[in-house]
Amino acid sequence: MIVLSVQNVVKYFGPDPVLDGVTFDVQAGDRCVLLGPNGSGKTTLLKILIGEIEADSGTVNYHPQVQIGYLQQHPQFASGQTVWEIAEETLGDLKRLAEEAETTASQLSLCDDDAAREQLSDRYDSLQQQIHQRDGYRLDYKIQRVLDGLGFDRSTHQQPVEQLSGGQRNRLMLAQLLLTEPDLMLLDE
């Protein structure tokens, strides 16, 4: 299955093209590398792929069910947050699903109307299924597993991000990306 198809992408900055007719396909399971000297258009191409900038011509098409993850070159985090908080905020959508499921269950327990009760019950079942499919019942475990796998000592989990080295900040960005579980990861190094 083709997850990404790039056809004849051209991008100009000034009179000369930075990208001129870039064409390739990425199949599920492929691992690809862009190599080239500084200024050769690697970051430009990645920014086109994620839709941050537009190509002057050509097309970029993703399989409709593919979730894209992008790791930018320079980490930027909000001041005052800890390593754990930054990793945890990546899973905010799962936390919101769990909160909605809890609210729906509460409403369901107080509901007297049969039609409304059936609607709430269907919604609760749907939420539970989504949470289960995404392993949303073990968020702390997921965070711990990713941080451990990237070499974060547990003593650093409550450390403010400002105290991290550049390498640690890059690994924290990678942790965020891994926690989103994208189908296709674009890493700009």
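The values are calculated or read from the model by the stated rules, or taken from the named source; none is laboratory data. Computed from a predicted structure; not experimentally measured. We place every Cβ from the backbone using ideal geometry, glycine too, and count neighbours over all the protein chains shown. To get the accessible areas, we keep the full protein, side chains included, count just its heavy atoms, and leave off ligands, DNA and RNA. Shrake-Rupley method; radii C 1.70, N 1.55, O 1.52, S 1.80 Å.
So for the chain: antiparallel DSSP bridges make up what percent, rounded to the nearest 5?
Antiparallel bridges make up about 80 percent of those DSSP assigns within the chain.
With the convex hull built on the Cα atoms of the chain, state its orientation-averaged projected area in nm².
For the Cα atoms of the chain, the hull's average projected area reads 14.8 nm².
Starting from the Cα of L150, step 7 Å toward the Cβ, then list every residue of region 80-121 with an amide N under 14 Å from that point.
82-91
May I ask you to rank V6, V60, V33 by accessible area, largest first, using a 1.4 Å probe over the protein chains only?
The ordering from most to least exposed comes out as V33, V60, V6.
Gain in length, I50 to E189, computed as 0.36 nm per residue apart minus the alpha-carbon separation, to one decimal in nm?
48.5 nm
Give the share of C-alpha pairs in each 10 angstrom bin for region 77-144, from 0 to the last occupied bin, in whole percents, shortest bins first.
In order of increasing distance, the bins hold 20, 39, 24, 13, 4 percent.
Considering amide H positions built from the backbone, and no H for Pro or chain starts, which residues 5 or more places from S57, or on another chain, come under 5 Å of its amide H?
Long-range HN contacts for S57: V10.
In nm, give the distance between the simple-model label positions of S79 and D114, each being 7 Å from the Cα along the Cα-to-Cβ direction.
If labels sit at S79 and D114, their model points lie 6.1 nm apart.
Add +1 for every Lys or Arg and -1 for every Asp or Glu among the other residues with Cβ under 15 Å from the Cβ of N8, and state the total.
Residues close to N8 contribute a combined charge of -3.
For L187, what residues show an amide H to amide H distance below 5 Å, using hydrogens built from the backbone and excluding near sequence neighbours?
HN-HN under 5 Å from L187: L71.
Between T59 and Q107, what is the label-point separation in nm under the 7 Å Cα-to-beta-carbon projection?
About 4.2 nm, to one decimal.
Using only Cα atoms, find the angle between the long axis of helix 139-149 and the longest principal axis of the chain, and express it within 0 to 90 degrees, rounded to the nearest 10.
30 degrees
Roughly how many Å² is the accessible area per residue of region 60-189, as a whole number, for a 1.4 Å probe?
The answer is 61 Å² per residue.
Give the range of the longest stretch in the chain that excludes all chymotrypsin sites (Phe, Trp or Tyr not before Pro) found in loop regions by DSSP and having at most 14 other beta-carbon atoms within 10 Å.
14-136
Nearest 20 debye, what's the magnitude of the dipole of the chain about its Cα centre given +1 on Lys and Arg Cβ and -1 on Asp and Glu Cβ?
700 debye
Within region 43-141, what whole-number % of the accessible surface is contributed by carbon and sulfur, with the 1.4 Å probe and all protein chains included in the calculation?
After summing per-atom areas, the C and S share lands at 44 percent.
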